[in-house]
1. Here are 107, 7: which of them is modelled with pLDDT of 95 or more, crowded, with 16+ Cβ neighbours inside 10 Å and either within 16 Å of the ligand (Cβ to nearest atom) or not in a strand (DSSP E or B) (or both)?
2. Looking at residue 284, is it buried (at least 23 other Cβ atoms within 10 Å of the Cβ) and outside the structural domain of residue 69 (by TED's automatic domain parsing)?
3. Say whether the condition of being at pLDDT 95 or above, in the same structural domain as residue 256 (by TED's automatic domain parsing), touching a strand residue (DSSP E or B) at 6+ places or on another chain (Cβ under 8 Å) and assigned to a strand (DSSP E or B) is met by at least one residue in region 150-158.
4. Return the residues of region 49-70 that are away from the ligand (no atom under 16 Å from the Cβ) and surrounded by fewer than 23 Cβ atoms within 10 Å (Cβ to Cβ); say none if nothing qualifies.
5. Between 80, 59, which is modelled with pLDDT under 95 and assigned to a helix (DSSP H, G or I)?
6. Somewhere in region 126-141, is a residue touching a residue at least 12 places away in the same chain (Cβ under 8 Å), buried (at least 18 other Cβ atoms within 10 Å of the Cβ) and more than 16 Å from the ligand (Cβ to nearest atom)?
7. Could you please find all residues in region 13-48 being part of a helix (DSSP H, G or I) and within 16 Å of the ligand (Cβ to nearest atom)?
Ligand code: CP
């Protein structure tokens with residue numbers, strides 16, 4: 001398959017064209033179907049994973065993706081404590097050093113804008129694996145890939161984003177990607193304390209994507225094709241009372257599921273705490289574990305696109 005669009009750093013969803021998304025999804029399909037064709041594609045190349053915030057899925061799926069393509073990985077978990085950041089080294093200096101050791105750097109950081117700062121000094125591609133409350137573009141890639149795989153289309157989908165929308169970088173990145181498709185409609189379901197930020201709503205307005213803001217999940221569930229549930233992010237709250245006021249506010253259980261359309265899907269970037277009851281895991285509409293698995297293939301496609 002010919003790859004036509006340029007891509008160096010992966011910082012935010014806005015940089016992906018629809019053409020590039022379709023190329024990545026097709027490559028991901030190919031990897032899923034014929035993984036043996038991709039063995040050794042990145043032999044001799046090294047991926048550095050610098051994680052200043054905790055992760056299970058992003059860190060391990062990127063590592064597995066690189067290893068399955070024949071490359072190697074280096075890195076540090078809890079980089080705030082275990083890298084020279086603990087001695088006062090700046091992010092920029094760390095990136096200058098690591099870009100001399102690796103062919104690509106996957107960076108998760110607690111500060112919004114960190115990936116952009118890293119890209120400005122890096123000799124090798126930077127992949128934003130989540131920057132504070134900013135963006136998580138590779139999560140959005142796997143989310144959109146999941147919608148396409150589960151529903152057979154992206155154009156025309158009706159999506160409810162639920163929970164902590166102010167702090168949720170995954171919902172922001174997904175909304176930016178959805179705005180590249182036709183006839184999308186989005187519902188933002190959140191209490192005012194964690195409502196979607198105005199810059200994202202302005203972006204949807206500019207791209208003629210209709211959106212609705214509500215606190216009433218029950219009224220939205222029968223209307224949509226995708227329920228994208230998110231965790232209230234305790235770690236982003238400075239005031240415990242403010243967290244207590246919104247924690248547990250939306251919970252998808254069997255009763256909530258019964259209000260969803262028969263062919264709708266329930267997604268979640270994970271980890272979940274209590275916002276999806278385990279009793280719904282066995283329902284075919286519960287797509288979140290399949291969604292997480294798609295992260296491996298989409299990240300293999302992305303690494304292949306950047307490095308092969
Ligand atoms: N969805 C996601 O980013 O999960 P991790 O924090 O486990 O990487």
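The values are calculated or read from the model by the stated rules, or taken from the named source; none is laboratory data. None of these values were measured; they are calculated from a predicted model. Every residue, glycine among them, receives a Cβ derived from its backbone with ideal geometry; neighbour counts consider all protein chains shown.
1. Only one candidate passes the filter, namely 107.
2. Considered against the rule, which asks whether it is buried (at least 23 other Cβ atoms within 10 Å of the Cβ) and outside the structural domain of residue 69 (by TED's automatic domain parsing), residue 284 comes out as no.
3. For region 150-158, residues at pLDDT 95 or above, in the same structural domain as residue 256 (by TED's automatic domain parsing), touching a strand residue (DSSP E or B) at 6+ places or on another chain (Cβ under 8 Å) and assigned to a strand (DSSP E or B): present.
4. 67, 68, 70
5. 80
6. Scanning region 126-141, I find at least one residue that is touching a residue at least 12 places away in the same chain (Cβ under 8 Å), buried (at least 18 other Cβ atoms within 10 Å of the Cβ) and more than 16 Å from the ligand (Cβ to nearest atom), so the answer is yes.
7. Within region 13-48, just 13 meets the criteria.
Residue-wise test of (1) in contact with a helix residue (DSSP H, G or I) (Cβ under 9 Å, 6 or more places away or on another chain); (2) touching a residue at least 40 places away in the same chain (Cβ under 8 Å); (3) closer than 26 Å to residue 290 by Cα.
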{"residue": "37", "(1), (2), (3)": "yes, no, yes"}
{"residue": "47", "(1), (2), (3)": "yes, yes, yes"}
{"residue": "57", "(1), (2), (3)": "yes, yes, yes"}
{"residue": "77", "(1), (2), (3)": "yes, no, yes"}
{"residue": "86", "(1), (2), (3)": "yes, no, no"}
{"residue": "92", "(1), (2), (3)": "yes, no, no"}
